[in-house]
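The structure appears below as structure tokens.
Just so it is clear, none of the values below were taken in a lab; they were calculated from the coordinates. Just so you know, these numbers come straight off a predicted model, no measurement behind them. Methodologically, a virtual Cβ is constructed for each residue, glycine included, from the backbone with ideal geometry; neighbour enumeration extends over all protein chains shown.
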Amino acid sequence: MRLLIKGGTVIDPAAGIKEKADVLIQGEKVAAVEKKIRRPAGAEEIKADGCLVVPGLIDMHVHLREPGYEYKETIATGTAAAAAGGFTAVACMPNTNPVCDQPTVVEYILRRAEAAGFCRVYPIGAITKGQEGRELAEMGQMKEAGAVAVSDDGRPVADARIMRLAMEYSRAFDLPVISHCEDPNLAAEGVMHEGYWSTVLGLRGMPAAAEEVMVARDLILAEVTGARLHIAHVSTARSVDLIRAAKARGVQVTAEVTPHHLYLTDAAVQEYDPDTKVNPPLRTEADVRALRKALADGTIDVIATDHAPHAPEEKKREYNYAPFGMVGLETALPLMAGLVREGVLTWEQLVEKMSVNPARILKVPGGTLVPGTTADITIIDPEAEKVVDPEKFYSRGRNTPFRGWKLKGWPKVTIKGGRIIMIEGRIV
């Protein structure tokens, strides 16, 4: 099968390319990227005039819920949502039921993803058995089965000794340790950021320090052990400062930020909308400014959604009792395109944060359109504009605070392995 993408602007930061060019796909591979390519006989053509042609987007932090919580999301619905959002690959967190802490669960996820076929799925194994923080899971066996990283995301590894052992052990298998940085004693029973708005609203707050002390701890442990540390969903200015200083010292640390932490503050909670309840919580305007600056200067390497679907009957409850999390796969790209229009990022930087760097950190294919590489491609229409309507999501989750927002810069086509998966918002 041949596919010709005609007339778009190719952006491939890994290859240093930003120019108007055609892309020829043959089978599952990129065959050529050239100024003018004559359409081969029998090739399907996609017109990409006015669009950007970029390496397929990779989200390295999603919750697909399966196995065990299929009423929230399944691997099929979650990966369909990913493809609709322009993602050709996702890495899924292990807080399932059973927990992804052994090779059989890793293999199950991969089989289900292969059957669905909408995008590539890279399982992340648990750091500790059952995510209970007491005994290390079998990292080597999980990697052999297909795991690309380890994390207890959703729960912090509170015991510093266990986290140090995990980092030392991870080096033997060259697996990044993805840390959910939260001191459970400081966070206590908080439901939002501790500050002005938590006081006004009468809701228990989670102090910024609950994140920051764990960021500091894990940076020190990474420096001591030489492990590859990735800090998930950074949300505070002081966390940014700690990461920036650690990078300057040569610590092997990378970090991610979510679209919602780049756009929303704790003021969004004032309507008691449970869709604004996330962990880490929405922070202050000063934190948002610091996160945006860190994203632009490279302190933060990755934009990841932390896509966390919940059933409506769970989420639409009193704020104190609703679960943490919001969906993000189907709105991430146009939200981040807004940062380009605001001058926070360039398109090249956006592609680095959403494709090149996730592939590099997880050591998975993707992040480039160099001929001979797998044809995972996202075509973006920077002028496409529409209103966010959760009822049209492919995800089972509808829990988004961006309902009704008019966003610009949507994915036009998602191509996985040379095959069109999504076109104009429709899974094909």
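Points to keep in mind about this one:
- Among F173, F402, a tally of other beta-carbon atoms within 10 Å of each Cβ gives an order, fewest to most, of F173, F402.
- Helix axis angle, 332-341 relative to the chain longest principal axis, alpha carbon, degrees: 80 degrees
- Taking L64, L221 and counting other C-beta atoms within 10 Å, the order from fewest to most: L221, L64
- Cα-based shape type of segment 56-362, given that a ≥ b ≥ c are square roots of the gyration tensor eigenvalues and the cut on a/c is 1.5: rounded
- In the elastic network of the chain, a GNM with C-alpha springs shorter than 10 Å, the most mobile of G42, G125, G343 is G42.
- Residue by residue, segment 410-427 carries 3J(HN,Hα) couplings of 8, x, 9, 9, 10, 10, 10, x, x, 10, 5, 9, 9, 9, 6, x, 10, 6 Hz when phi is fed to the Karplus relation 6.51 cos²θ - 1.76 cosθ + 1.60 (θ = phi - 60°); x denotes Gly or Pro.
- Packing-based exposure ordering (other Cβ within 10 Å, fewest first) of T346, T400, T265: T346, T265, T400
- Most fluctuating residue given options A89, A15, A375, as computed from a GNM of the chain linking Cα atoms under 10 Å: A15
- Over segment 53-186, all Cα pairs binned in 5 Å intervals from 0 give whole-percent P(r) values of 2, 12, 21, 22, 18, 13, 8, 3, 0, 0, listed from short to long.
- Relative contact order for segment 270-419: 27 percent, from Cα pairs under 8 Å spaced at least 6 residues apart, divided by residue count.
- Spatial separation of Cα centroids for segment 236-310 and segment 99-145, in angstrom: 26 Å
- Amide H contacts of H310: R398, N399, each under 5 Å away and 5 or more positions distant or on a separate chain (H built 1.01 Å from N in the peptide plane; Pro and chain starts excluded).
- Gaussian network model of the chain, Cα within-10 Å springs - most flexible of S179, S198, S355: S198
- Rounded to 10°, Cα long-axis angle of helix 160-173 versus longest principal axis of the chain: 30 degrees
- Between amide H atoms placed 1.01 Å from N, distances below 5 Å from H61 occur with A91, T305, D306, all of them 5 or more places distant or on a separate chain.
- Contact order for segment 56-362, expressed relative to its length and based on alpha carbon pairs under 8 Å spaced 6+ residues apart, stands at 16 percent.
- The percentage of C-alpha pairs in segment 281-428 whose separation is greater than 24 Å is 40%.
- Fraction in percent of alpha-carbon pairs per bin - 10 Å, segment 39-113: 17, 40, 21, 14, 7, 0
- Straight-line cross-link partners of K293 among the lysines, defined as a Cα under 21 Å from its Cα and at least 8 positions apart when in the same chain: K247, K353.
- Remark: segment 252-257, residue by residue, has Karplus-estimated 3J(HN,Hα) of 7, 10, 10, 8, 10, 9 Hz, where x stands for each Gly or Pro and the curve is 6.51 cos²θ - 1.76 cosθ + 1.60 at θ = phi - 60°.
- Phi-based couplings in Hz for segment 301-312 (Karplus 6.51, -1.76, 1.60; Gly and Pro marked x): 8, 9, 9, 10, 7, 6, 3, 9, x, 9, 5, x
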